[in-house]
Amino acid sequence: MERSLTLRYSATLGFVALLAGLAFWNIHSLSALHQESAYFLDLAASQTGLAQRLAAESVRLNLASDPAERTRIADTARQIAAQIRNSHLLLTGEAAPLPGYYRYSGALRALYFNPPLLLDQQVRAYLQTAQDLLAEPDPARRAALRDALLFAAMERLPEALRQAARLYRDEARTRADTLRLMGLGILTLTLGLLLGEITLVFRPMLRNMATARSNLKEMARKMEDAACTDSLTSLYNRAKLNEVLDREVSAAQRYGNPLSLLLLDLDHFSRINSAYGLETGDRLLVELALLIKNNLRITDRAFRFDGEAFAVLAIQTPLEGAVALGDKLRRLTKGFLFGSQPLTLSLGLASFRQGDGRESLLLRAAEALEQAKAKGRDRLETETAPA
């Protein structure tokens, strides 16, 4: 009997160890999925806005008469085109291997490489048109190329790019559902094994099961939190902003709640990094994040948007209230001295309009931020009123 119990106990421990290893792999895979999918979703979602920005720059290029201004606009257009190209190469797996759940997706391959959309050809043709426009000296030919860019950016490309973003999201969700089901299966097998042996071997271990399960859930919670939190500032990251924006925009559409989005950019941050070093720049970003967070209402949300840029989502706040909030944050930041120079913020503000989606609200806030920078920085600019 003792020999039988010992063998059973040893076998049970072996199975438990195997299941624990599978559980760790499952949680690790789920965490990696959150981080990878957030990166690719951001790339896919940004393509539409970048394509429209490139078309807008082509219009500005045709309208500009000053050679210096034309050179500057052309440089900006080339940078945007490079962003589109690099993102496209990453999304199609040409720059680096895609995660398996994207690489083996028949739907994604069909969207990019098969009729009727042929998104890969559309993007490459769009970039070639932009390149031809930038190199074209003839104004009439350049105007025709501009019109082709505008047509593609407004009519042809957006729906295909939106479908791509949806497919990247859906493939990640399917993979996440599979991993969660595997986790549930692992947990079920573990519990079944323990309960089957409880009367003979594991009676003393029952007292520890609740603690073990709680620790496992806490680990999963922390890993999921890490996937949506910026490691430097401890604010929510861009992926979390997208998630919260989707939810709040949906609520605003349903109930008519006011909603405003502020984008904040620390002026001349690259000079601070160059003069004082990256570590000092990081400490400055942490302090700025704390200042922003401590001066928001409990219902508002702060996010690390990108680099030295932050986002504030002012829930239940119309445009006027968000302007007051933005000016307050700008004044508080200006009260900080870094060396002998005050810090300044440029801010762009957009408020929800009926029919808005996440991308349109973000795009208008980003355009307002660009206006603030273009007008000398250290200011808040609001979205352009609709025609």
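A short reminder: the numbers here are calculations on the coordinates, not readings from a lab. Everything numeric here is computed off the predicted structure, so don't read it as measured data. Methodologically, a virtual Cβ is constructed for each residue, glycine included, from the backbone with ideal geometry; neighbour enumeration extends over all protein chains shown.
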What length, rounded to one decimal in nm, is gained on full extension from Ser231 through to Asp75, with 0.36 nm per residue of separation minus their alpha-carbon distance? 52.9 nm
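Nearest 0.05, what FRET efficiency do Val59 and Ile298 give at R0 = 45 Å with Cβ-Cβ as r?
Working: r = 43 Å, r/R0 = 0.96.
Taking R0 as 45 Å, the efficiency between Val59 and Ile298 is 0.55.
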Can you list the residues of region 349-380 with backbone N under 17 Å from a point 7 Å past the Cα of Asp66, pointing along Cα to Cβ? 371-377
Over the alpha-carbon set of region 282-331, work out the extent along each principal axis and list the three values in angstrom, largest first. 32, 19, 18
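Please order Asp246, Asp120 by the number of other Cβ within 10 Å, starting at the fewest. Each step should come with its number before you reach the end.
Values: Asp246 12, Asp120 17.
Lowest to highest Cβ neighbour count: Asp246, Asp120.
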Taking the reciprocal of mean 1/r across every pair of different Cα atoms in region 238-382, the Kirkwood radius in Å is 15.4 Å
In whole angstrom, largest first, the equivalent ellipsoid semi-axes that the Cα gyration tensor gives for the chain are 47, 29, 19
Charge context of Leu187, other residues only, Cβ under 14 angstrom, K/R +1, D/E -1: +3
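Please give the charge dipole size of the chain, origin at the Cα centre, charges +1 on K and R Cβ atoms and -1 on D and E Cβ atoms. Round to the nearest 20 debye.
For this selection, approximately 840 debye.
For an R0 of 45 angstrom, estimate the FRET efficiency from the Cβ-Cβ distance between Ser214 and Arg247 and round to the nearest 0.05.
Values: r = 28 Å, r/R0 = 0.62.
For R0 = 45 Å, the calculated efficiency reads 0.95.
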Alpha carbon convex hull of region 68-163, volume per residue in cubic angstrom: 100 Å³
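Write out the trypsin sites (Lys or Arg not before Pro) in region 226-298 meeting two conditions: DSSP loop, and at most 15 other Cβ atoms within 10 Å of their Cβ. All intermediate terms of the calculation are to be shown ahead of the outcome.
On the way: sites: Arg238, Lys240, Arg247, Arg254, Arg271, Arg283, Lys293, Arg297; in loops: Arg297.
Counting only loop positions with at most 15 other Cβ atoms within 10 Å, the trypsin sites (Lys or Arg not before Pro) in region 226-298 are Arg297.
Tally Lys and Arg at +1 and Asp and Glu at -1 over the other residues with C-beta under 15 Å from the C-beta of Ala148: what net charge comes out?
Working: positive: Arg124, Arg141, Arg142, Arg146, Arg156; negative: Glu57, Asp132, Glu136, Asp138, Asp147, Glu155.
It works out to a net charge of -1.
Sum -39500 (n - 2.57) across every DSSP H segment of at least 4 residues in the chain, then divide by the residue count to get the 222 nm mean residue ellipticity, nearest 500. If you can, show how the numbers build up before the last one.
On the way: 13 runs with 268 residues, N = 387.
Computed mean residue ellipticity for the chain: -24000 deg cm²/dmol.
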Out of Ser58, Ser87, Ser231, a Gaussian network model of the chain with alpha-carbon springs under 10 Å gives the largest mean-square fluctuation to Ser231
What distance in nm separates the two pseudo spin-label positions at Arg124 and Thr188, each 7 Å out from Cα along the beta-carbon direction? 4.6 nm
Of all stretches in the chain that avoid chymotrypsin sites (Phe, Trp or Tyr not before Pro) placed in a DSSP loop and having at most 15 other Cβ atoms within 10 Å, the longest is 105-335
Name the aspartates and glutamates eligible as straight-distance cross-link partners of Lys334: C-alpha to C-alpha under 15 Å, and not fewer than 8 places from it in the same chain. Asp265, Asp267, Glu287, Asp378
Taking a straight Cα-to-Cα line shorter than 18 Å from Lys240, and setting aside same-chain aspartates and glutamates fewer than 8 residues away, one finds Glu36, Asp42, Asp170, Glu224, Asp225, Asp230, Glu248, Asp300, Asp306, Glu308, Glu359
Arg377 versus Ala176, label points 7 Å from Cα toward the beta carbon: distance in nm? 3.7 nm
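Against the 2.2 N^0.38 Å scaling, with N counting residues, where does region 131-191 land? I'd like the Cα-based Rg ratio to two decimal places.
Details: Rg = 23.3 Å, N = 61, 2.2 N^0.38 = 10.5 Å.
Against the compact-globule rule of thumb, the ratio is 2.22.
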Pop a pseudo-label 7 angstrom from the Cα along the beta-carbon direction at both Leu332 and Gln163 and give the gap in nm to one decimal. 4.6 nm
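Hey, any idea what Rg/Rh is for region 1-227, computing Rh the Kirkwood way over Cα pairs?
Values: Rg = 27.1 Å, Rh = 21.5 Å.
Rounded to two decimals, Rg/Rh equals 1.26.
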